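Participant: Next up is a structure, given as C-alpha cells.
The values are calculated or read from the model by the stated rules, or taken from the named source; none is laboratory data. Note that the structure is a prediction, hence the values are computed from the model and not measured. So basically every Cβ, Gly included, is an ideal-geometry build from the backbone, and we count neighbours across all protein chains shown.
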Amino acid sequence: MHAEAAGVLTGTHFLDGDHACCEGALAAGARFAAGYPITPSTEVVERFAARVPTVGGTFIQMEDELAASITIQGAVWGGAKAFTVTSGPGFSLMMEHIGYALMTETPCVFVDVQRGGPSTGLPTLPAQSDMMQVRWGSHGDYEVIALCPNSPQECFDLTITAFNYAEKYRCPVFVMMDEVVGHMTEKVVIPPPNQIEVEPRRYTTVPPGEFRAFEPREDLVPDMPRTGEGYAVHVTGLTHDERGYPDMRPVVQDKLVRRLQEKIQKNADKIILYEADQIEGAEVVVVSYGITSRVAQRAIEIARQKGVKVGKFRLITAWPFPEKKIAEIASKVKAFVVAELNLGQMVREVERAAAGKALVRLVGHAGGSVHHPEDILQAIMEVAR
Amino acid sequence: MTELPVHNPVEQFLRMDRIPHIWCPGCGIGTSVNSFAHALIDAKIDVKNVAIVSGIGCTGRVAGYVNQDSFHTTHGRAIPFATGLKLANPKLNVVVYSGDGDLFAIGGNHLIHAARRNVDIKVVCINNLIYAMTGGQTAPTTPGDVITSTNPYGTYDPSFNLPYLVEAAGAVYVARWTAFHVRQLARSMQEMFTKKGFSFIEVLSPCPTLYQRRNKMGDGLDTMKFYKAVSKVRNGASTKDVALTKSGEITVGKFVDRERSDYGVLMHDQLVESLGDDYVETEACSCQ
C-alpha cells in the first residue's frame, strides 16, 4: 500500500538527518513516538512533537529511556506504528526492551544517533561504536535488522524501510545513524505519497477463539491480533507456546528461539541492502557504512587516480550482515580495507566472512570526528602493494 | 438426585486451560483476582476493552490467567507499557496489575510519573511486603524488624507508605484493602472503573511461604485472622497516617477520590488552544 498523504511532506527540502528521519517516520505511518532527551538525537522527536498533532498522533516525553522503549511497544499493541530515538547512553538503557520486542514480536523502530562512548563519552561528536551493541546488547539469542544511512536523504528513505521491515518481519528494526549524518544538512527529496510504499500491519483475519497468537505463517512470521476486539491475546516476554502461554520446556524454548532467528536468517536475501561499485576486477575493496562511507569515497577516488583497482562496498544493512557477498568478494580480491568510527566492530564480521581468503585491514577511529581520507588511502596503498 | 449445575460466574474471566495457577496455598493474589472478576461483572463495562498489563513477580503472573487481552511485560515497566497502550488506543480500559516490588522499586519512577501525568490507567498493587517470586528478599514495602532472606537479622530500611506516595504524586483515586476484604475490594475495583485518571488500589496480601513463615506469623488462615483483627476501616483517612508496621493497625478504606483532568484531556485541550483547526484529534490509532 501507499503512504497516507497526511504524513508526507512532498517536495524538495533542505534538512538535517535528524529531521529527515522524522519525516521518514511520518511518511511510513508512525503516529506515536516516546522519547527522552539526548544529544545528538533529540531533534528527531522535537520535530515529531511539532508535526504529529497536525497529522493525528501522539508524542510523549517519558521519564527515561527504559520507559520510552516500552511505551512505544504498548502503543504498537494499541494499534499504532511507533518508534523511539536515542543515542549511546540511552541505547544502553533500552537493551531490556529490545529483548522484549524481539521475544513478543512487536514491530517497532529504534533510531540510534551514535556518539562517542563508552559511558557519557562524547555527547555532541560522532562515532559508530554501537554496531555490536545493537547486534548483541540484549541477553539471549536473536537476530536483528539494522540500517545505516549515510545522508539526510537516506535518513528519510531508510527510516521508511525500517518501519516496513518491522511490520513485515515483526521485529524491532534499528536505524543506526551517527552524529554527523544526524546533523548534516543536505537536499532531501520527499516523493508524493503514491510513490512511497508502506507495509501494512499483518492483522489476522482469523476470528477470536480460533486464533493462535504466535502461530507463524509460512514465512515464519505470525499475524497480529487487534487489541480490544475479543481476541484475549496473551503477550509475554517469557518463553511461550503458539497460544502465547508461558511454557518453560526446553523443546518450546528451542522452537521459539530458533524461529525468531530463522525468520530473519531465512529472509536475509530479501532484507540485505548494500551499495557495490567496481568490485569486478578490484584488488582492494573498501568496506564502510554511514558517514565513514563518504570519507572512504574520497580515499577510493584518490587511490584509483594512483592506479589502484579499488572497489567500494557500502553496508546499508549492517545486520543481517551480507556474509555471502563478502565471502564471494573475498575469493576474488587481495584485501579488504574496513573503515569505521570505532576500534574494530564490523571488521570482525568481514574477517569472519572472508575466512582467511583475503587480507582484512581495519582503519579504526575512536570517534570525535570523521576519519581523515589520508588514513584510509594509506591503508589501501599498503595492502595493494 | 438431580445434579446441580456447577457454574462459577468468574470462570468467564479466567483462562481455565491454564488452571491450576502457580500461587501458593494461602496467597492472596488469586483472592484479589476473584474480586477483580466480580468487579468486571458489576462494573457493566465492555470487558472486551479491558486490557491487563503486568510486570514481573508473583502478581505479574495475573496477566497470564485472566481471559482478557493481557500483557506480561518486563520488571517494573508495566506502567509505561500501559501508558503507550492507553494513549494509542483510548477506548481501552487499561489495568495494571502488579506487585509492590515491581511497582515501587524497579518501577517506582514510572509509577510516580504516570500519577503526575494522570494517565487514565487503573493500578492494582498486590502488596505482600516482600519479593516473593525470587525467594523472600526485602522490598521497599517491608516494615522494620522483619526477617527476610536479605535481612536475616531483621530489616532496618525505612519503607514506603504507598497511599501517601501515590496521592502526593497525583493519583485521583487511592484505596487500600486486604485479601480479607474481598467484597470491599471488589466494590473499590468497580468504583475505580468509573474514575478517569490514575487510580490506585493497594491490596495487602499474605505470603505464607516466605513472609509469614520466616516471621513466625502463621499460615494464610492465621494471616486472615490477623487482618480481621487489626484492620480498621477509615474512609477519607489522611494518607500520611496510614503507614504499615509489622503488627500494628492496618488502616483500610478509600483515602482519595478527587477530580483532575487526565493526560488525554490535558493534551487535547492544550493542542486545541495552540493549534486550533490545525490539530488533528487522535481516535484509536489503527494501522491499515
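Participant: Are any of the residues in region A:325-332 β-branched (Val, Ile, Thr), over 30 Å from residue A:124 (Cβ atoms) and under 20 Å from the mean Cα position of the chain (by Cα)?
Facilitator: Of all residues in region A:325-332, those β-branched (Val, Ile, Thr) come to A:326, A:329.
Checking which are over 30 Å from residue A:124 (Cβ atoms) leaves us with A:326, A:329.
Checking which are under 20 Å from the mean Cα position of the chain (by Cα) leaves us with A:326.
The answer is yes; a qualifying residue exists.
Participant: Would you mention how many residues in region A:221-251 are farther than 22 Å from residue A:97 by Cα and more than 11 Å from every other protein chain (Cβ to nearest Cβ)? Steps first, please.
Facilitator: Applying the first criterion (farther than 22 Å from residue A:97 by Cα) to region A:221-251 yields A:228-232, A:249-251.
So of that shortlist, the ones also more than 11 Å from every other protein chain (Cβ to nearest Cβ) come out as A:249-251.
So the answer is 3.
Participant: For residues in region A:71-107 being in contact with a Lys or Arg (Cβ under 8 Å, 6 or more places away or on another chain) and either among the basic types (Lys, Arg) or in a strand (DSSP E or B) (or both), which is surrounded by the most Cβ atoms within 10 Å (Cβ to Cβ)?
Facilitator: Ranking the candidates gives A:82 first.
Participant: Within region B:151-160, which residues are out of contact with any Ser or Thr (no Cβ under 7 Å at 6 or more places or on another chain) and either among the aromatic types (Phe, Trp, Tyr) or crowded, with 18+ Cβ neighbours inside 10 Å (or both)? Let's see the steps before the verdict.
Facilitator: Looking only at region B:151-160, we keep the residues that are out of contact with any Ser or Thr (no Cβ under 7 Å at 6 or more places or on another chain), and these are B:152-154, B:156, B:158.
Selection gives B:153, B:156.
Participant: When you scan region A:265-363 for helices (runs of 4 or more DSSP H) that lie fully inside it, which ones turn up with 3 or more residues that are within 16 Å of residue A:374 (Cα to Cα) and in contact with a Pro (Cβ under 8 Å, 6 or more places away or on another chain)?
Facilitator: Numbers: elements: A:268-271, A:291-305, A:323-330, A:346-354.
Qualifying helices (runs of 4 or more DSSP H): A:291-305.
Participant: Give me the residue from region A:333-385 that is of a type in the set (S, T, N, Q) and surrounded by fewer than 22 Cβ atoms within 10 Å (Cβ to Cβ) and, out of that set, nearest to residue A:181 (Cα to Cα). Full working, then the answer.
Facilitator: The first filter runs over region A:333-385 and keeps only residues of a type in the set (S, T, N, Q), leaving A:342, A:345, A:369, A:378.
Imposing the further condition that a residue be surrounded by fewer than 22 Cβ atoms within 10 Å (Cβ to Cβ) reduces the set to A:345, A:369, A:378.
Details: A:345: 19, A:369: 12, A:378: 25 Å.
Per the criteria, the residue is A:369.
Participant: Which of the numbered conditions does residue A:40 fail, given that it passes all the others? Conditions: (1) more than 14 Å from chain B (Cβ to nearest Cβ); (2) assigned to a strand (DSSP E or B); (3) not polar (S, T, N, Q).
Facilitator: For residue A:40, the failing item is (2).
Participant: Scan region A:93-105 for residues that are touching a Pro at 6+ places or on another chain (Cβ under 7 Å), within 21 Å of residue A:217 (Cα to Cα) and β-branched (Val, Ile, Thr) and report the count.
Facilitator: Just the residues of region A:93-105 that are touching a Pro at 6+ places or on another chain (Cβ under 7 Å), to begin with: A:98, A:101-102, A:105.
Going one step further and asking which of them are within 21 Å of residue A:217 (Cα to Cα), we end up with A:101-102, A:105.
Filter again for β-branched (Val, Ile, Thr), leaving none.
Final tally of qualifying residues: 0.
Participant: For the condition surrounded by 24 or more Cβ atoms within 10 Å (Cβ to Cβ), among the hydrophobic types (A, V, I, L, M, F, W, C) and within 30 Å of residue A:241 (Cβ to Cβ), what is the one hit in A:163, A:211?
Facilitator: Values: A:211 fails: surrounded by 24 or more Cβ atoms within 10 Å (Cβ to Cβ).
Exactly one of A:163, A:211 is surrounded by 24 or more Cβ atoms within 10 Å (Cβ to Cβ), among the hydrophobic types (A, V, I, L, M, F, W, C) and within 30 Å of residue A:241 (Cβ to Cβ), namely A:163.
Participant: What is the one condition in (1) under 27 Å from residue B:87 (Cα atoms); (2) more than 14 Å from chain A (Cβ to nearest Cβ) that residue B:48 does not satisfy?
Facilitator: The failed condition is (2).
Participant: Next question, about the same structure. For region A:15-36, state whether one or more residues are surrounded by fewer than 20 Cβ atoms within 10 Å (Cβ to Cβ), within 11 Å of another protein chain (Cβ to nearest Cβ) and either in contact with a Pro (Cβ under 6 Å, 6 or more places away or on another chain) or touching a residue at least 24 places away in the same chain (Cβ under 8 Å) (or both).
Facilitator: No - not one qualifying residue is present in region A:15-36.
Participant: So, one more: Yes or no: residue A:126 touching an Asp or Glu at 6+ places or on another chain (Cβ under 6 Å), more than 22 Å from residue B:76 (Cβ to Cβ), within 14 Å of another protein chain (Cβ to nearest Cβ) and buried (at least 24 other Cβ atoms within 10 Å of the Cβ)?
Facilitator: Working: touching an Asp or Glu at 6+ places or on another chain (Cβ under 6 Å): yes; more than 22 Å from residue B:76 (Cβ to Cβ): yes; within 14 Å of another protein chain (Cβ to nearest Cβ): no; buried (at least 24 other Cβ atoms within 10 Å of the Cβ): yes.
When the stated conditions are applied, residue A:126 does not pass them.
Participant: Also, quick follow-up: Restricting attention to region B:5-24, does a residue exist that is free of Cβ contacts under 8 Å to residues at least 24 places away in the same chain, part of a loop (DSSP other than H, G, I, E, B) and of a type in the set (A, V, I, L, M)?
Facilitator: Looking for residues that are free of Cβ contacts under 8 Å to residues at least 24 places away in the same chain, part of a loop (DSSP other than H, G, I, E, B) and of a type in the set (A, V, I, L, M), one finds at least one in region B:5-24, hence yes.
Participant: Hey, another quick one. So, in region A:51-81, exactly how many residues are at the interface with chain B (Cβ under 7 Å from one of its Cβ atoms) and either within 28 Å of residue A:230 (Cα to Cα) or aliphatic (A, V, I, L, M) (or both)? Full working, then the answer.
Facilitator: So the first thing to find is which residues in region A:51-81 are at the interface with chain B (Cβ under 7 Å from one of its Cβ atoms), and the list is A:53-58, A:60, A:62-64, A:66-67, A:70-75, A:77-81.
Filter once more, keeping what is either within 28 Å of residue A:230 (Cα to Cα) or aliphatic (A, V, I, L, M) (or both): A:55-58, A:60, A:62, A:66-67, A:70-75, A:77-81.
Of the residues in region A:51-81, 19 are at the interface with chain B (Cβ under 7 Å from one of its Cβ atoms) and either within 28 Å of residue A:230 (Cα to Cα) or aliphatic (A, V, I, L, M) (or both).
Participant: Give me the helices (runs of 4 or more DSSP H) completely within region B:98-217, filtered to those with at least 3 residues that are aliphatic (A, V, I, L, M) and away from chain A (no Cβ under 14 Å), ordered by residue number.
Facilitator: Values: elements: B:108-117, B:162-169, B:182-192.
Here the list reads B:162-169, B:182-192.
Participant: To continue, here is another question. Run down B:114, B:78, B:43 and say which single residue is out of contact with any Cys (no Cβ under 7 Å at 6 or more places or on another chain), in contact (Cβ under 8 Å) with a residue 40 or more places away in the chain, small (Gly, Ala, Ser) and under 21 Å from residue A:34 (Cβ atoms). Working first, answer last.
Facilitator: Values: B:78 fails: in contact (Cβ under 8 Å) with a residue 40 or more places away in the chain; B:43 fails: under 21 Å from residue A:34 (Cβ atoms).
Just one listed residue meets the conditions, B:114.
Participant: Let me ask another. Can you list residue pairs whose Cβ atoms sit under 9 Å apart, with the first residue in region A:328-356 being at pLDDT below 95 and the second being β-branched (Val, Ile, Thr)? Count only pairs 6 or more apart in sequence or on different chains.
Facilitator: So the pair list comes out empty.
Participant: Looking at (1) in contact with a Ser or Thr (Cβ under 8 Å, 6 or more places away or on another chain); (2) buried (at least 24 other Cβ atoms within 10 Å of the Cβ); (3) more than 7 Å from chain A (Cβ to nearest Cβ), find the lone condition where residue B:71 falls short.
Facilitator: The one condition residue B:71 does not meet is (3).
Participant: Moving on to the next point. Just a yes or no: is a residue in region A:254-264 over 30 Å from residue B:46 (Cβ atoms), under 22 Å from the mean Cα position of the chain (by Cα), without any contact (Cβ under 8 Å) to a residue 24 or more places away in the chain and part of a helix (DSSP H, G or I)?
Facilitator: Initially, region A:254-264 is screened for residues over 30 Å from residue B:46 (Cβ atoms), giving A:254-264.
Narrowing further to those that are under 22 Å from the mean Cα position of the chain (by Cα): A:257-264.
The next check asks that each one be without any contact (Cβ under 8 Å) to a residue 24 or more places away in the chain; those that pass are A:258.
Retained after the next criterion (residues that are part of a helix (DSSP H, G or I)): A:258.
Scanning region A:254-264, I find at least one residue that is over 30 Å from residue B:46 (Cβ atoms), under 22 Å from the mean Cα position of the chain (by Cα), without any contact (Cβ under 8 Å) to a residue 24 or more places away in the chain and part of a helix (DSSP H, G or I), so the answer is yes.
Participant: Could you list all residues from region A:91-123 that are in contact with an Asp or Glu (Cβ under 8 Å, 6 or more places away or on another chain) and either under 21 Å from residue A:164 (Cβ atoms) or within 14 Å of another protein chain (Cβ to nearest Cβ) (or both)?
Facilitator: Once the filter is applied, which keeps residues that are in contact with an Asp or Glu (Cβ under 8 Å, 6 or more places away or on another chain) and either under 21 Å from residue A:164 (Cβ atoms) or within 14 Å of another protein chain (Cβ to nearest Cβ) (or both), region A:91-123 yields A:93, A:94, A:107, A:112, A:113.
Participant: Consider only pairs whose beta carbons are under 8 Å apart and that are at least six residues apart or on different chains; among these, list those whose first residue lies in region A:151-179 and is within 22 Å of residue A:368 (Cα to Cα) and whose second residue is of a type in the set (Lys, Arg) and in a helix (DSSP H, G or I).
Facilitator: Partner pairs satisfying both residue conditions: A:151/A:294.
Participant: Just checking, does region B:253-275 include any residue being part of a loop (DSSP other than H, G, I, E, B), of a type outside the set (A, V, I, L, M, F, W, C), surrounded by 15 or more Cβ atoms within 10 Å (Cβ to Cβ) and touching a strand residue (DSSP E or B) at 6+ places or on another chain (Cβ under 7 Å)?
Facilitator: There is no residue in region B:253-275 that is part of a loop (DSSP other than H, G, I, E, B), of a type outside the set (A, V, I, L, M, F, W, C), surrounded by 15 or more Cβ atoms within 10 Å (Cβ to Cβ) and touching a strand residue (DSSP E or B) at 6+ places or on another chain (Cβ under 7 Å).
Participant: For region B:153-166, does any single residue satisfy the condition of being of a type in the set (Gly, Ala, Ser) and closer than 17 Å to residue B:243 by Cβ? If you could, list the steps in order and put the result at the bottom.
Facilitator: From region B:153-166, those of a type in the set (Gly, Ala, Ser) are B:154, B:159; that's our starting set.
Now restrict to residues that are closer than 17 Å to residue B:243 by Cβ: B:159.
The answer is yes, given that some residue of region B:153-166 is of a type in the set (Gly, Ala, Ser) and closer than 17 Å to residue B:243 by Cβ.
For every residue, the table says whether it meets (1) small (Gly, Ala, Ser); (2) under 22 Å from residue A:208 (Cα atoms); (3) modelled with pLDDT under 95; (4) more than 14 Å from the chain's Cα centre (by Cα).
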position: B:28; (1), (2), (3), (4): yes, no, no, no
position: B:35; (1), (2), (3), (4): yes, no, no, no
position: B:44; (1), (2), (3), (4): no, yes, yes, yes
position: B:56; (1), (2), (3), (4): no, no, no, no
position: B:80; (1), (2), (3), (4): no, no, no, yes
position: B:84; (1), (2), (3), (4): yes, no, no, yes
position: B:87; (1), (2), (3), (4): no, no, no, yes
position: B:110; (1), (2), (3), (4): no, no, no, yes
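Participant: So, one more: When the residues of region B:51-68 are filtered to those that are more than 7 Å from chain A (Cβ to nearest Cβ) and in a strand (DSSP E or B), which remaining residue is surrounded by the fewest Cβ atoms within 10 Å (Cβ to Cβ)?
Facilitator: B:66
Participant: Sticking with this structure for a sec: Taking the stated definitions as given, is residue A:49 outside any strand (DSSP E or B), of a type in the set (Gly, Ala, Ser), at pLDDT 95 or above and under 20 Å from residue A:173 (Cβ atoms)? First the steps, then the outcome.
Facilitator: Details: outside any strand (DSSP E or B): yes; of a type in the set (Gly, Ala, Ser): yes; at pLDDT 95 or above: yes; under 20 Å from residue A:173 (Cβ atoms): no.
Answer is no for this residue.
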